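What follows draws every value from the coordinates through simple rules; no lab data is involved. What you see is a predicted model; the values in this text were computed from it and never measured. Every residue, glycine among them, receives a Cβ derived from its backbone with ideal geometry; neighbour counts consider all protein chains shown.
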Ligand code: CMP
């Protein structure tokens with residue numbers, strides 16, 4: 001295993017509910033270094049672009065609406081095996097089947113409003129990090 005970077009979003013549902021601090025604490029407790037973090041708000045074109053891979057899915061329009069409804073927190077994270085490791089800490093996409101102790105089990109309310117995003121592969125992580133952060137922010 002090697003030190004990797006991954007990208008994560010604390011989604012509008014979790015920011016609005018006041019869970020951002022607890023989610024960040026769980027990420028840090030799992031050994032992640034926060035390389036960069038910023039609160040922002042997605043425009044509709046940005047949300048469409050970020051989730052373009054899901055454009056043909058029936059939930060795409062709802063997902064874009066959800067992701068633009070309020071502020072989000074975007075993060076660049078670093079750790080050994082960061083991509084798979086973060087997905088373990090997040091839990092399954094659907095909170096109904098997420099493992100006990102995971103972020104989604106604690107804070108997600110549905111498969112769509114699932115409180116956190118994490119990159120699913122090294123190529124995706126590189127693209128997603130570049131979507132939100134400049135190279136100078138990731139030193
Ligand atoms: P995320 O990890 O950000 O990647 C795609 C997002 O689409 C996912 O989290 C959920 O927010 C949403 N999503 C995935 N599957 C479904 C589904 N079946 N119905 C509604 N939303 C979904």
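Would the chain count as rounded, prolate or oblate if I go by the C-alpha gyration tensor, calling it rounded below 1.5 in a/c and otherwise prolate when a/b exceeds b/c, oblate otherwise?
Since a/c stays below 1.5, the shape of the chain is classed as rounded.
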Among 34, 83, 116, the residue with the largest mean-square fluctuation in a Gaussian network model of the chain built from Cα contacts under 10 Å is 34
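Which length gain, in nm to one decimal place, applies between residue 65 and residue 96 when the Cα-Cα distance is subtracted from 0.36 nm times their residue separation?
8.9 nm is the gain from fully extending residue 65 to residue 96.
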Per the rule of 0.36 nm per residue minus the C-alpha distance, extending residue 112 to residue 57 adds in nm 18.6 nm
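Based on DSSP H runs of at least 4 residues, each adding -39500 (n - 2.57), what is the mean residue ellipticity at 222 nm of the chain after dividing by all its residues, to the nearest 500 deg cm²/dmol?
-10500 deg cm²/dmol, from helical runs alone.
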Residues of segment 110-126 with backbone N under 20 Å of the label point set 7 Å from the Cα of residue 16 along Cα→Cβ are 110-118
